[in-house]
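The values are calculated or read from the model by the stated rules, or taken from the named source; none is laboratory data. Worth saying up front: this structure is predicted, and the values here are computed from it rather than measured. FYI the Cβ positions are ideal-geometry reconstructions off the backbone, even for glycines, and counts take in every protein chain you see. Accessible surface is based on the protein model in full, side chains and every heavy atom, while ligands, DNA and RNA are left aside. Shrake-Rupley method; radii C 1.70, N 1.55, O 1.52, S 1.80 Å.
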Amino acid sequence: MNRMKLLPTMAYRGVKRNRLVYRPYLMACFFSVFSYYLFSSLLHNDLMERLPKAAYAWMMLSIGKGLLSIILLLFLFYAGSFLQKRRKRELGLYSLLGLERKHIGIMLFWENAGLYLVSVSAGIILGFVLNKLMFLLLLRMTRLDVEVDFYFSLEAVAETLRYFAFVFLCIYGRSLWGFYRLKPAELMSESKKGEKEVKRIWLWSVTGGILLSCGYYISVTSKLDSMIFTDFFLAVFLVILGTYFLFTSGSVAFLKFLKNRKSIYYRPANQVTISGMLYRMKKNAAGLSNICIFSTMLLITLTCTVTLWSGMDQIAYYDYPYDCQADYSEHSNVTEKAREKAEELALKYGQGIERLDVYNVMNLTCGIAPGSNVFTSTAGFDFADQYGVTLLTLDDYNRLEGQDQSLEEDEVLVYSTGTAFSFDRVNFMGVEASVKGEPERIYPYPQAKNRMFNFTSQYVMVVKDEVALERFAGAWADVNGVTDLEDFLHRGVRRLCLLLDGKETDRDAFVEEWSRWCQGQQDFLRIENGLEGRDEDRSMNGGLLFIGMVFGILFFMCFLLIMYFKQVSEGYEDQNSFEIMQKVGMSDGEIKGTIHRQILLVFFLPLAGALLHTAAGLVMVNGLLAALRFFDTGLLIRCCAGVAAAVTLLYGSSYLMTARTYYRIVKR
């Protein structure tokens, strides 16, 4: 009974005695609980359901929470393994001194229970204090303007308690398994062991190289189509596997190759450095692969976040180039009245009219085989090869773009928002025409700046006049089996579009009154509020930004903590190595220089790998952002370069801080 009362005290003393490794672990647990509680609290906030245009933000938070729960489980499970390794010698000593295994199991339970209570209490209190601030930050990023009252969610607290109870039970179960499967003498020496060296290292090295090459190939050759997200996850999976194999086996294979080269190995500085690195790689390659993977995640996440933040307005205006767009039947006489009304409202609300465009369009859908100039029926074509085609008369094109072009009966202008058409002739449903040129722009149809993406792109075909338009539309109707041709030819619309230049608050009032006026006109069909559409885009992208910010901090914490644990564990292991080197005649300066070179090379290998992974993945990131209507590749590259420089500085600073801890332990 006395022994049972003593066990909680022993658990507390064990944590206190090993505070050098438990302190950063507890800090990571605090932040993990805070992050999970934050997502859960925002999702359980009733205000999220009542906010206009908040559905996208709610959806992004739900996805983020699911990913977060998986990442936190794997990360804390992995970080807990460092603690268990550090405690095994102590537990083996308890066993040799006569403490029964069941009592040690109970002591470990109290230890994990204490860590759980402290972690969830501190994390939830931190979330409780910062909940409103983080909610305001989310609203700011999603540009949702609303008054926020203080809100405390008991459902979020209960969900957080349940999730982390499961996580800590998993960690406790693993610690019991690691303890019960070994004898006391084995526990005493287990703390000195690193990860086991992989057998058949040459086979696994080649396998790792092939997997990494396949991941890079998928990333570099990926196209913006319906498979882009599947390709992304497949490429990530292959790169992670390839990284793990190359660090755990490829690095050892390379060092063994150097060791077998007598001209390289049998030099004083090289011999000590290569031997030391080979020893470290055998013991710690798995941890280094995790640092590389988390560093890559950090680079990719921050690159996407910064790029999305910089290009948010570009995305919004790509989808909604006009502040308001109203459609009428094609013979509506709304033009003159619209100009008078627009000028009247401009004076009333102090707005400038940047554009007021009125033009007729007919929107069709066609199938186009890759590399072909034939527009035909969509039957038999995949979604990726189906394109929207807008027929536009030359008069409307000249008016929209301020041009003075001319066309013959059998000539057209072909404009693509994606990849250039690049053919001299076009076959539209059997109607042959000569392509006189490809305009550089047509305002309502913004073009991808890099012009490398066809997904969701559309074509605008400028024909000579109404007669030519009816000829092309009639050919489409004939191929697609339209029976009432006369009714079909009257399905074209007259589009009335407005773009303003002025204060946003006054612009909202202008568009609201303008919309009411448009809907009251004869032959009205439909209306699209571009201001509201842009707000919805910003809400969705703002939710992505918020998730990217939280995940970026999380990934940085993960790789920093793993780096710290490795420096601490290696510091304790290298104490004897320092002493042996001194006994064989090496000076303190030579020893410190050798160890410094080894640590520097080993810990900057993951950074080099992460930068290489990011460079290879940039093409796929470009495609994923293009799915959100972001096409500025130059901005993406500049943001990636800035993020890479910042992460390199953070990595170097983190290395210097953790290296000090290493040297402090070794000198001790």
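Which length gain, in nm to one decimal place, applies between Arg638 and Phe237 when the Cα-Cα distance is subtracted from 0.36 nm times their residue separation?
Numbers: separation 401, 0.36 × 401 = 144.36 nm, distance 2.66 nm.
Stretched out fully, the Arg638 to Phe237 stretch lengthens by 141.7 nm.
Anything over 27 Å Cα to Cα? Flag those among Lys65/Lys503; Lys256/Lys566; Lys132/Lys503, in the order listed. Please list the in-between numbers first.
Details: Lys65/Lys503 37 Å; Lys256/Lys566 23 Å; Lys132/Lys503 29 Å.
In this structure, Lys65/Lys503; Lys132/Lys503 lie more than 27 Å apart at Cα.
Can you give the accessible area per residue of region 291-443, in Å², using a 1.4 Å probe? List each step's numbers first, then the result.
Details: 6630 Å² over 153 residues.
On a per-residue basis, 43 Å².
Which distance in nm do the two modelled labels at Gln314 and Leu117 give, with both placed 7 Å along the Cα-to-Cβ direction?
Placing both labels 7 Å along Cα→Cβ, they lie 5.4 nm apart.
Between Glu343 and Arg471, what is 0.36 nm times their sequence separation minus the Cα-Cα distance? Round to one decimal in nm. The partial results should precede the final answer.
Details: separation 128, 0.36 × 128 = 46.08 nm, distance 3.74 nm.
Full extension from Glu343 to Arg471 adds 42.3 nm.
What FRET efficiency, computed as 1/(1 + (r/R0)^6) with R0 = 25 Å and r the Cβ-Cβ distance, is obtained for Phe381 and Thr221, rounded to the nearest 0.05? Intermediate results must be reported in sequence, preceding the final value.
Working: r = 22 Å, r/R0 = 0.88.
Result of the calculation: an efficiency of 0.70.
Relative contact order for region 392-488: what percent, with Cα pairs under 8 Å and sequence separation of 6 or more? Walk me through the numbers on the way to the answer.
Working: 138 pairs, mean separation 35.5, N = 97.
So the answer I get is 37 percent.
To the nearest 10 square angstrom, how much accessible area does Phe30 have with a 1.4 angstrom probe?
Counting only protein heavy atoms, the figure is 60 Å².
Roughly speaking, what is the centre-to-centre gap between region 281-353 and region 599-658 when only Cα atoms are used, to the nearest Å?
After rounding, the separation between the Cα centres reads 23 Å.
Expressed in nm to one decimal, what extension gain is obtained for the pair Thr419 and Thr9 from 0.36 nm per residue of sequence separation less their Cα-Cα distance?
Values: separation 410, 0.36 × 410 = 147.60 nm, distance 7.00 nm.
The Thr419-Thr9 span can extend by a further 140.6 nm.
If you wrap a convex hull around the C-alpha atoms of region 344-448 and split its volume per residue, what is the figure in Å³? Let's see the in-between values first.
Working: hull volume 14.4 nm³, N = 105.
So the per-residue hull volume is 137 Å³.
Place the peptides 153-166, 613-626 in order of packing, highest mean first, counting for every residue the other Cβ atoms within 10 Å and averaging per peptide. Walk me through the numbers before you get to the answer.
Values: 153-166: 16.4, 613-626: 21.0.
Top of the packing list down: 613-626, 153-166.
Report the net charge of residues surrounding Asp523, where surrounding means a beta-carbon distance below 15 angstrom and charges are Lys +1, Arg +1, Asp -1, Glu -1. Walk me through the intermediate numbers first.
Values: positive: Lys337, Arg491, Arg494, Arg495, Arg526; negative: Asp327, Glu330, Glu336.
Net charge in that neighbourhood comes out at +2.
At a probe radius of 1.4 Å, what is the per-residue accessible area of Ser249, in Å² to the nearest 10?
Ignoring ligands and nucleic acids, Ser249 comes out at about 0 Å².
Got a sec? What order do Arg174, Arg629, Arg534 fall in by accessible area at 1.4 Å, biggest, i.e. largest, first? Write out the running numbers ahead of the final one.
Values: Arg174 90, Arg629 65, Arg534 5 Å².
Of Arg174, Arg629, Arg534, the descending order of accessible area is Arg174, Arg629, Arg534.
Taking every alpha carbon pair in region 397-552, what does the distance histogram look like in 10 angstrom bins from 0, in percent?
8, 24, 32, 23, 10, 2
Arrange the residues Ile293, Ile527 by how much accessible surface each exposes, largest first, with a 1.4 angstrom probe. Please report the intermediate quantities before stating the final value.
Numbers: Ile293 25, Ile527 60 Å².
Heavy-atom accessible area, descending, gives Ile527, Ile293.
Carbon and sulfur: what percent of region 390-484's accessible surface (1.4 Å probe)? Before the final figure, lay out each step's value.
Values: 1900 of 4360 Å².
Accessible surface attributable to carbon and sulfur in region 390-484 totals 44 percent.
Enter the accessible area of Ser213 (Å², nearest 10), with the probe set to 1.4 Å and all protein chains included.
Counting only protein heavy atoms, Ser213 exposes about 70 Å² to solvent.
Sort 556-567, 359-370 by packing, meaning the average of other beta carbons within 10 Å per residue, with the highest value first. Could you put the intermediate results ahead of the total?
Numbers: 556-567: 22.9, 359-370: 16.9.
Per-residue mean Cβ counts within 10 Å order the peptides as 556-567, 359-370.
Gap in Å between the Cα centre of region 397-418 and the Cα centre of region 111-126?
Result: 68 Å between the Cα centres.
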